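One structure is given here, and the rest of the page talks about it.
None of the figures in this text is laboratory data; all of them are computed from the coordinates on show. As the structure is a computational prediction, the values presented were derived from the model and not from experiment. Cβ: placed from backbone, ideal geometry, glycine included. Neighbour counts: every protein chain shown.
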Ligand code: CP
C-alpha cells in the first residue's frame, strides 16, 4: 500500500511517473476507477484541494463520499479519535484524502488505515500533493525544473505548501531558493537542514527588491491569519509583501508568478491579466495531478 504523507518520500522516478500519467490525462475523462470509492475527510476548510480531488475521482469514473467540516459534522464531535474514524472509514472507501489541523495527522492515520491515506494538508506540516502540482506547473510553464531560481515569499513559518515544495526541489539540480519573509515568519530549521544536506543553495532575506529581476518563479503565499494567537499579531505582518503591476514589470521576461491560493491581499487584481500570473492555471493543474495520483494508487 502507498500512503502519500510527505514530500520527502517522492523520488525522481515517482515524480516522472506521475507527470507522465498526468500528461496523458489532461482534459480527459475515463472509467479506469469505476467501482472505486474515495473518502474525503476534511477537518479544516478547503476549496481547491477537496474539489479538485473530488473532480479528479469523478473524471476517472470513481465515486466520492465526503465530509467537510469533519470536526463539526463527524463523530469527532462525540469524542471519536482520528484513528478510530480512519479505522472505520477505511472499510467504506478505497482511498482516504485527509486534511487535518494537526501536524503529523496523516502519518497517524496511515498507521491504522487499511487503504491508502493521502495527506491533503496537515496543520503547518506538509501538503505533498500541492507540491507535486506546483512542480508540474513549473515544468509545464517554464519547460524545466533543474536550474531554476525561485523566491518563496510570505508566511514561511506556517505555510505548509512552501515546506513541501522546498523538500521536493531539494531533489533537483542547480536550484537556487530565496526565502523572503519577516524575521518572525522564517522557514523552519528542518527545511534548511534538508537543503544543506542536499547542497541546495538558499538565502533568507527580508527585502525582496534585489531578487525580483533574478528569479524564474515568484511563489507568493498569504499570511496565515488562522495560525496567529491574536488579530493584533496577524496585523503586524498583514500586507508585508504585495505584488503589483509595477513589481511584475521588473521581473524577468520569461518568469512566472505562482500562489497556492487562497489569495487575500498579497497579489493585486491588476496582476491577474499578466501572462506571468499562472496561479489559476496552477489550480487547474491540480485536477490533472490528482487524477494521476489516484490512478497510480488505485489501478
Ligand atoms: N491550495 C490549497 O490547499 O487550497 P485550499 O485550502 O482551498 O484547498
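For beta carbons closer than 6 Å, sequence separation of 6+ or different chains, a first residue in the stretch 87-100 that is closer than 14 Å to residue 2 by Cα and a second that is within 16 Å of the ligand (Cβ to nearest atom), the qualifying pairs are 95/38; 96/41; 97/40; 97/53; 97/118; 97/120.
It is to be established whether one or more residues within the stretch 6-20 are within 16 Å of the ligand (Cβ to nearest atom), loosely packed, with under 15 Cβ neighbours inside 10 Å and within 25 Å of residue 168 (Cβ to Cβ). No, the conditions are met nowhere in the stretch 6-20.
Just one of the numbered conditions (1) closer than 27 Å to residue 272 by Cβ; (2) exposed (fewer than 12 other Cβ atoms within 10 Å of the Cβ) is not true of residue 179: (2). If you go through the stretch 45-58 and pick out every residue that is under 18 Å from residue 282 (Cβ atoms), more than 7 Å from the ligand (Cβ to nearest atom) and touching a residue at least 60 places away in the same chain (Cβ under 8 Å), you end up with 4. Each residue in the stretch 112-157 was checked for being without any contact (Cβ under 8 Å) to a residue 40 or more places away in the chain and in a helix (DSSP H, G or I), and 1 of them qualify.
The set of residues in the stretch 189-200 being surrounded by fewer than 16 Cβ atoms within 10 Å (Cβ to Cβ) and part of a loop (DSSP other than H, G, I, E, B) consists of 198, 199.
Residues in the stretch 126-144 that are more than 13 Å from the ligand (Cβ to nearest atom) and crowded, with 21+ Cβ neighbours inside 10 Å: 135, 136, 138. Helices (runs of 4 or more DSSP H) fully within the stretch 227-299 that include at least 3 residues being crowded, with 19+ Cβ neighbours inside 10 Å and within 14 Å of the ligand (Cβ to nearest atom): 279-298. Among the residues that make up the stretch 26-38, is at least one of them free of Cβ contacts under 8 Å to residues at least 12 places away in the same chain, more than 16 Å from the ligand (Cβ to nearest atom) and closer than 30 Å to residue 141 by Cβ? Checked the stretch 26-38: at least one residue is free of Cβ contacts under 8 Å to residues at least 12 places away in the same chain, more than 16 Å from the ligand (Cβ to nearest atom) and closer than 30 Å to residue 141 by Cβ.
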